[in-house]
Structures are given as structure tokens and as C-alpha cells.
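Working notes, structure below.
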Amino acid sequence: MGSPTAAHLLLRLVAVRTARAQKGEGMRILGATCTSSTAFFALMDDETYIDDDLRRIDVADILEEGERLLELRERLRVEIMRIQPDAVALMGSISKPRSYAVAAERATIETMIRFVAQELGIPCGRLQHPTIRARLDLPRTGQFNGHARTFFDEEHQPYWGERCEAAAVAVAWQRA
């Protein structure tokens, strides 16, 4: 059996949304934001934060050591299968990378997240800062992270400074 097509994933997402709405339940969205060596995660049920053990995955030198790709893929598969989100939302923004290597490593981690979601038949989308700002009514200028932190009533440590962006992309993705 091949990978699900984009149309199949969209139909699945619509069916899940409809079924959850009929039950009075929200969507469980796994938000993710990446650096060149770490993926940060936040699990959201509509706009409610769900405390989960998956907060970050560190991946040093992913392009230097090929086996790291396989390790990351397996860890992501295990975690995403355990969490069973309705969708995965990625923060998509590489602004002014320090180097090609930094941008390539970050893009590789993001790609692995999307790849695993696709393999598992879970819809996965990418949103840019301007889209997230618009959907969450955040100011158009200023530090995104600071505005994202003010969107939520409380901080959920550890790593909330980074994970609030993952939470924000998850909430914004649902507002499509």
C-alpha cells in the first residue's frame, strides 16, 4: 500500500474534524518549530495546551552523520504514533540563517517531521509567521516569540520560550 495522497489526507482531516465536532471535541494538533539541532513540540486540543512528555528532540550533526536521520525518523514515528494527533503543524520560517549548514539542518529536521506524518497518514501543514500572526490577531511587527507568549494565559515549562511558537502554529493551523 502506498503513501496517502494529499487529497486522501484532506478528506481524512475533514472527516476527523466533523466527527470530533459532533462529539463536542476539539482537534488534537501537534505543533512543531525547529532550529538546526532541535525540534520543539506542543500538543494542543483546540486552544487548550495538553501536557505531554514530548517537548523537544535534540538532533546534533544530522547532516554529518547519516544514521542520525534514521534515529530521528524512528523517534518521531514512536512519538507521533503514541500521541496520535489529528494533524501536525510546522512553523515554517528560515529568516537570515547564519549559514547554509544551519538552514539545511533545520530544513532536514522539518522534512523528517513531515515525512513521518505522511507515512502515518496524518495531515501536516506549514505556516509562516505572517499567517500565524493574522490568524491569532497578533501584532504584525515586533518579535514573534514575544507576541506568541502573550497569546497564552500561562506558560508551560520547560522550554516554553520555544514551545510557545509550536503551540501558536498548532492553534493557527486549526483556524484555517
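Only the coordinates and a few stated rules stand behind these numbers; no lab work does. This is a predicted model, so every value here is computed, not measured. So basically every Cβ, Gly included, is an ideal-geometry build from the backbone, and we count neighbours across all protein chains shown.
For region 59-118, trypsin sites (Lys or Arg not before Pro) meeting the loop criterion (DSSP other than H, G, I, E, B) and having at most 16 other Cβ atoms within 10 Å: R98. When you filter the GluC sites (Glu not before Pro) in region 94-176 for DSSP loop state and at most 13 other Cβ atoms inside 10 Å of their Cβ, you are left with E154, E155.
A viscosity of 1.002 mPa s and a temperature of 20 °C, combined with the Kirkwood radius over Cα pairs in Stokes-Einstein, give a translational diffusion coefficient for region 120-166 of 181 µm²/s. Close amide H pairs (under 5 Å, H built 1.01 Å from N) link T38 with V59, residues at least 5 positions away or on another chain. On the beta carbon distance between A104 and H156, with R0 = 22 Å, the FRET formula returns roughly 0.15.
Computed as a quarter of the hull surface, the mean projected area of the alpha carbon convex hull for region 6-174 stands at 9.9 nm². Sequentially through region 115-122, phi angles give Karplus couplings (6.51, -1.76, 1.60; θ = phi - 60°) of 4, 5, 4, 4, 4, 8, x, 9 Hz, Gly and Pro residues having no value and appearing as x.
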